[in-house]
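The values are calculated or read from the model by the stated rules, or taken from the named source; none is laboratory data. Quick caveat: nothing in here was measured; it's all calculated off a predicted structure. Virtual Cβ from ideal backbone geometry, glycine too; neighbours counted across all protein chains shown.
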Amino acid sequence: MDTSYWNKATLYCYVNNLRQQLLPCSSAYTIDSKALAKRWIKNLFLEELSFPSNKICGILYKGERSTSIALNATRSPEMQNFDCMHELVHYYLHDIKRCQCICADNAGKTGVSQDKILEWQANEGAAQFLIPYHDFIPKLSHLIDFPPHLDFWYSGYLAEYYNVSIPVIECRIDNLSYEIDQYRSGVSIDKIRVLSKTQQARQGIKATCYNAVCAFAATSYVSELNITRSQNPLDIAFFKTYSAENPEVNLAFF
Ligand SMILES: [Zn+2]
């Protein structure tokens, strides 16, 4: 299967189908990707090894008769959960000749040569599998409107919920900003137009920075803005008034 011309929407369709195949009866969102790999891949050797660099995430070898996945034992369990799903996306969606690879989260610093398109697909596909946008966007949007408490830490809470690391959640928030904008302007989650950052740039679309919106509730902002605990900084009316009075605070919101 030639996936080189897939856009984000096409990739998500394939990942959603894969998700239904591997998790046919489950509505759970805390996924153990190692358990999935062991359950579904025949003749799999899955092991954790101490790699020389923390930036190397995993190694996949998909052969005709057996498959090996080696994960970096020096990375946290949450990071390994994403890394293993990254290798599963390679395994299920990419040509066998392309499934003998070393995967790193920063190719430039490790010296590992990587196919940028395939790596983007494996990362974006793993994110959609572990953190599906149709579940994530309504949940995040609700938390933005109704944070459980003033110092609520969005990334930490969501990372624990989806069993991934905090940078993965922050990256997901950033990569779904256009889709979140649509949902928050009233588009049904099933009707949302999925576009990659590249496609958005070509169409001149500028989406809201939701990591900044979430960070607005952080303790540092609370103390800096001298907001009392009775005031919710994410209250929209308050936010609009504050933004009007403080134009140097560059946060889009609606
Ligand atoms: Zn990879």
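Conditions tested, residue by residue: (1) under 30 Å from Thr208 (Cβ atoms); (2) assigned by TED's automatic domain parsing to the domain that holds Asn175; (3) of a type in the set (S, T, N, Q).
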position: Phe51; (1), (2), (3): no, no, no
position: Ala70; (1), (2), (3): no, no, no
position: Phe82; (1), (2), (3): yes, no, no
position: Gln121; (1), (2), (3): yes, no, yes
position: Ala126; (1), (2), (3): yes, no, no
position: Lys139; (1), (2), (3): yes, yes, no
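Among the listed residues Leu71, Leu60, Leu130, which satisfies the condition of being within 18 Å of the chain's Cα centre (by Cα), crowded, with 20+ Cβ neighbours inside 10 Å and among the aliphatic types (A, V, I, L, M)? I'd like the intermediate steps shown before the answer.
Details: Leu71 fails: within 18 Å of the chain's Cα centre (by Cα); Leu60 fails: within 18 Å of the chain's Cα centre (by Cα).
After applying the criteria, what remains is Leu130.
Can you tell me how many residues in region 196-205 are part of a loop (DSSP other than H, G, I, E, B) and either free of Cβ contacts under 8 Å to residues at least 24 places away in the same chain or farther than 23 Å from Ser155 by Cβ (or both)?
Filtering region 196-205 for residues part of a loop (DSSP other than H, G, I, E, B) gives 196, 203-205.
From what is left, the residues that are either free of Cβ contacts under 8 Å to residues at least 24 places away in the same chain or farther than 23 Å from Ser155 by Cβ (or both) are 203-205.
Residues meeting the conditions: 3.
Would you tally the residues in region 153-177 being of a type in the set (Phe, Trp, Tyr), buried (at least 18 other Cβ atoms within 10 Å of the Cβ) and over 17 Å from Met85 (Cβ atoms)?
Of the residues in region 153-177, the ones of a type in the set (Phe, Trp, Tyr) are 153-154, 157, 161-162.
Retained after the next criterion (residues that are buried (at least 18 other Cβ atoms within 10 Å of the Cβ)): 154, 162.
Checking which are over 17 Å from Met85 (Cβ atoms) leaves us with 154.
Residues in region 153-177 being of a type in the set (Phe, Trp, Tyr), buried (at least 18 other Cβ atoms within 10 Å of the Cβ) and over 17 Å from Met85 (Cβ atoms): 1 in total.
Residue check, Ala9 against (1) of a type in the set (A, V, I, L, M); (2) surrounded by fewer than 20 Cβ atoms within 10 Å (Cβ to Cβ); (3) without any contact (Cβ under 8 Å) to a residue 60 or more places away in the chain, all met but one. Which one?
(3)
Need the failing condition index for Ile180 against (1) among the aliphatic types (A, V, I, L, M); (2) in contact (Cβ under 8 Å) with a residue 60 or more places away in the chain; (3) crowded, with 20+ Cβ neighbours inside 10 Å, just the number.
(2)
So Gln114 clears everything in (1) within 16 Å of the ligand (Cβ to nearest atom); (2) of a type in the set (S, T, N, Q); (3) not assigned by TED's automatic domain parsing to the domain that holds Tyr14 except one condition, right? Which one?
(3)
Which of the residues belonging to region 63-97 are touching a strand residue (DSSP E or B) at 6+ places or on another chain (Cβ under 9 Å), within 22 Å of Met1 (Cβ to Cβ) and either within 12 Å of the ligand (Cβ to nearest atom) or of a type in the set (Gly, Ala, Ser) (or both)?
The answer is Gly63, Ser66, Ser68, Ile69, Cys84, His86, Glu87, Leu88, His90, Tyr91, His94.
Taking region 1-59 as the region of interest, how many residues are in a loop (DSSP other than H, G, I, E, B) and charged (D, E, K, R)?
Just the residues of region 1-59 that are in a loop (DSSP other than H, G, I, E, B), to begin with: 1-7, 23-32, 41-43, 50-55.
Filter again for charged (D, E, K, R), leaving 2, 32, 42, 55.
Residues that pass the stated criteria total 4.
Here are Asp151, Asp135, Asp105, Asp145: which of them is among the acidic types (Asp, Glu) and touching a strand residue (DSSP E or B) at 6+ places or on another chain (Cβ under 7 Å)? Let's see the steps before the verdict.
Numbers: Asp151 fails: touching a strand residue (DSSP E or B) at 6+ places or on another chain (Cβ under 7 Å); Asp135 fails: touching a strand residue (DSSP E or B) at 6+ places or on another chain (Cβ under 7 Å); Asp145 fails: touching a strand residue (DSSP E or B) at 6+ places or on another chain (Cβ under 7 Å).
Testing whether each residue is among the acidic types (Asp, Glu) and touching a strand residue (DSSP E or B) at 6+ places or on another chain (Cβ under 7 Å) leaves just Asp105.
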